[in-house]
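Contents: one structure, followed by commentary.
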Amino acid sequence: MQDKIILGLLLDGDKSSYELQKTMEKSTGYFYNASQGSIQPALKKLMSNSHVTCSEQHQGERVKKIYRITDEGKQAFIHWASQAIELEKPRDPALVKMYFFNYVEQGRRIELVEQYLQEIKSVIATMTIMKQMSQEQIAKLQQPLDTGKIESRMATLTFGLDYYTFLNEWYEKYVMQLKNE
């Protein structure tokens, strides 16, 4: 999946691996891992498949590698993006821990869920700011917009907000249930 995300981000323009990671952290990183350790192998795979090329930019003594999608990479990405969406099982470590909560003392369960709720609230706050900033930037643009790209990315952001809002509400109820036991 990491290779597909990279191809999609490179369709927006050439990027270094650092820029790819930072862009992922602010976008797809909310629902898919964006570690530098997974980006480098994906870039190597994409280059070996001729989906991405790499050039070097000299910035003083430093050399910066810049990645660019090829026509073949663009075709591969569009083919992948056009395929049916497959339903996957959610992978949520919090749910796995909760499955075994019967082995954890009640006070600790409450503490763990409350800590998790704080993380969820932090993500909601960040995503809310991102959505507001995105809407403000869109309103300020004076050039023609790629409305398809904007709509799909805003829909993804809205999904993320709705998802974390659901988690927040569900875990709020769950912590109350734990407190009432």
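The values are calculated or read from the model by the stated rules, or taken from the named source; none is laboratory data. All figures in this text were calculated on a predicted structure; none of them were measured in a lab. Backbone-built Cβ (ideal geometry, glycine too); neighbour counts: all protein chains shown.
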inquiry  = Residues that are farther than 30 Å from Met154 by Cα and either assigned to a helix (DSSP H, G or I) or in contact with a Phe, Trp or Tyr (Cβ under 8 Å, 6 or more places away or on another chain) (or both): does region 67-84 have at least one?
reply    = no
inquiry  = It is to be established whether one or more residues within region 91-99 are at pLDDT below 90, loosely packed, with under 14 Cβ neighbours inside 10 Å and of a type in the set (D, E, K, R).
reply    = yes
remark   = Just one listed residue, out of Gln59, Gln83, is of a type in the set (S, T, N, Q) and either under 30 Å from Tyr164 (Cα atoms) or touching a Ser or Thr at 6+ places or on another chain (Cβ under 6 Å) (or both), and it is Gln83
inquiry  = Looking only at region 61-81, filter to residues that are exposed (fewer than 10 other Cβ atoms within 10 Å of the Cβ) and at pLDDT below 95; which one of those is farthest from Ser17 (Cα to Cα)?
reply    = Glu61
message = Every residue in region 1-49 that is assigned to a helix (DSSP H, G or I), of a type in the set (S, T, N, Q) and touching an Asp or Glu at 6+ places or on another chain (Cβ under 9 Å), please.
response = Thr23
key: First in region 122-140 and in contact (Cβ under 8 Å) with a residue 60 or more places away in the chain, second anywhere and outside any helix (DSSP H, G or I), Cβ under 9 Å, 6 or more apart   = Met130/Lys26; Met130/Ser27
remark   = The lone condition Val63 fails out of (1) in a helix (DSSP H, G or I); (2) among the aliphatic types (A, V, I, L, M); (3) free of Cβ contacts under 8 Å to residues at least 12 places away in the same chain is (1)
Region 37-60, residues that are loosely packed, with under 14 Cβ neighbours inside 10 Å and either in contact with a Phe, Trp or Tyr (Cβ under 8 Å, 6 or more places away or on another chain) or not assigned by TED's automatic domain parsing to the domain that holds Leu20 (or both) = none
Residue in region 102-111 that is closer than 26 Å to Met24 by Cα, of a type outside the set (S, T, N, Q) and either touching a residue at least 40 places away in the same chain (Cβ under 8 Å) or not in a loop (DSSP other than H, G, I, E, B) (or both) present = no
